[in-house]
Amino acid sequence: MSRRERKITGRTVLLSFLAFFGVVFLVNGIFFWVARDTWTGLSTEDAYRKGVAFNDELARADGQRLLGWTAETEYISVGPGEGRLVFALTSADGLPVLARNVTVSFRRPVTEGIDFAAILQSDGTGRYVADVAPPIPGQWDVRIEVRRPGALSYLVETRIWSK
């Protein structure tokens, strides 16, 4: 039995070339369509300004670490779409840190436009409490800022899960 050799012609090369690049363009078109429909926007505003100020943020974090304070944050679900955020800040010697203004901001890591903020109220024992109702369930990035007169703000960032 003899085997017939296939001759490569200009037409074969042209069709192979067109098929290859046709597949490449098709896949790129699919990627473009998916990326365009799933893009949620910018991840941060003023990225340049924040990048330039990053060393200041590192210095603030070092000063905060040297204080030796301990922060505890707890989110307690109290019903569907409702919860209570409890925050306690303890000094290095174990005493509660008293602050005049404690605020919390909630940011959804994957969705824009539904961020919200609240003010934590002192319960008199060194704990700060706020009843919150996240617009949708899921993960939330929580940033708590403790402001004291004549001192830098103390920042605590954590992630909670709301049901």
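Overview of results
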quantity: All positions within the range 143-163 that are farther than 26 Å from Asp56 by Cα and assigned to a loop (DSSP other than H, G, I, E, B); calculated: Lys163
quantity: Contacts under 8 angstrom Cβ, first residue in the range 128-154 being free of Cβ contacts under 8 Å to residues at least 60 places away in the same chain, partner part of a loop (DSSP other than H, G, I, E, B) and among the hydroxyl-bearing types (Ser, Thr, Tyr), 6 or more apart; calculated: Ile136/Thr111; Glu145/Ser153; Val146/Ser153; Arg147/Ser153
quantity: Qualifying residues in the range 130-142 (those that are surrounded by fewer than 16 Cβ atoms within 10 Å (Cβ to Cβ) and part of a strand (DSSP E or B)) - the one farthest from the chain's Cα centre (by Cα); calculated: Asp131
quantity: Restricting the range 1-57 to residues that are small (Gly, Ala, Ser) and in a loop (DSSP other than H, G, I, E, B), the residue that is modelled with the highest pLDDT; calculated: Ala53
quantity: Looking only at the range 83-122, and only at residues there that are charged (D, E, K, R), surrounded by 12 or more Cβ atoms within 10 Å (Cβ to Cβ) and in a loop (DSSP other than H, G, I, E, B), the one that is modelled with the lowest pLDDT; calculated: Arg108
quantity: Residue within the range 58-75 that is at pLDDT below 90 and either of a type in the set (Lys, Arg) or touching an Asp or Glu at 6+ places or on another chain (Cβ under 7 Å) (or both) present; calculated: yes
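The values are calculated or read from the model by the stated rules, or taken from the named source; none is laboratory data. Note that this is a predicted model, so its numbers are computed, not measured. All Cβ positions, glycine included, derive from the backbone under ideal geometry; neighbour counts span all protein chains shown.
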